[in-house]
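A short write-up of the structure that comes next.
The values are calculated or read from the model by the stated rules, or taken from the named source; none is laboratory data. Quick caveat: nothing in here was measured; it's all calculated off a predicted structure. Because the Cβ atoms are built from the backbone with ideal geometry, glycine has one as well, and the counts that use them run over all protein chains shown.
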């Protein structure tokens with residue numbers, strides 16, 4: 001009887017460990033997807049800003065979500081772009097990048113999850 005109890009307890013621990021690992025893997029996948037979509041959006045916006053082709057607002061569509069953006073001028077040489085990421089699974093993230101027209105690159109990045 002005690003042997004069955006010990007085996008049951010052991011199987012319960014293994015099952016819980018397996019489920020925790022699956023949850024952790026899913027959360028890691030979601031975080032990496034968010035980071036990847038944000039990086040792609042920033043790189044694409046940076047290239048479009050360099051060529052002066054980025055509209056004041058728009059949407060960048062991806063396979064598992066989309067990123068909306070809005071551009072506004074902070075000064076004569078700095079523009080700020082706000083990125084709103086929404087994954088199909090419901091996760092959201094906000095990123096704000098500042099683009100320097102003189103250097104032709106994003107010079108500052110802030111992210112809120």
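For the reader, a short list of remarks on this structure follows.
- Among the residues listed as 75, 89, the single one being in a loop (DSSP other than H, G, I, E, B), touching a helix residue (DSSP H, G or I) at 6+ places or on another chain (Cβ under 7 Å) and surrounded by fewer than 14 Cβ atoms within 10 Å (Cβ to Cβ): 89
- Considering the conditions (1) closer than 17 Å to residue 32 by Cα; (2) loosely packed, with under 14 Cβ neighbours inside 10 Å; (3) modelled with pLDDT of 95 or more, residue 112 is excluded by exactly one of them, (3).
Every residue, every condition in (1) assigned to a helix (DSSP H, G or I); (2) touching a strand residue (DSSP E or B) at 6+ places or on another chain (Cβ under 7 Å); (3) within 16 Å of residue 103 (Cβ to Cβ); (4) free of Cβ contacts under 8 Å to residues at least 40 places away in the same chain, yes or no:
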{"residue": "18", "(1), (2), (3), (4)": "yes, no, no, yes"}
{"residue": "23", "(1), (2), (3), (4)": "yes, no, no, yes"}
{"residue": "29", "(1), (2), (3), (4)": "yes, no, no, yes"}
{"residue": "38", "(1), (2), (3), (4)": "yes, yes, no, no"}
{"residue": "41", "(1), (2), (3), (4)": "yes, yes, no, no"}
{"residue": "45", "(1), (2), (3), (4)": "yes, yes, yes, no"}
{"residue": "53", "(1), (2), (3), (4)": "no, no, no, yes"}
{"residue": "68", "(1), (2), (3), (4)": "no, yes, no, yes"}
{"residue": "79", "(1), (2), (3), (4)": "no, yes, yes, yes"}
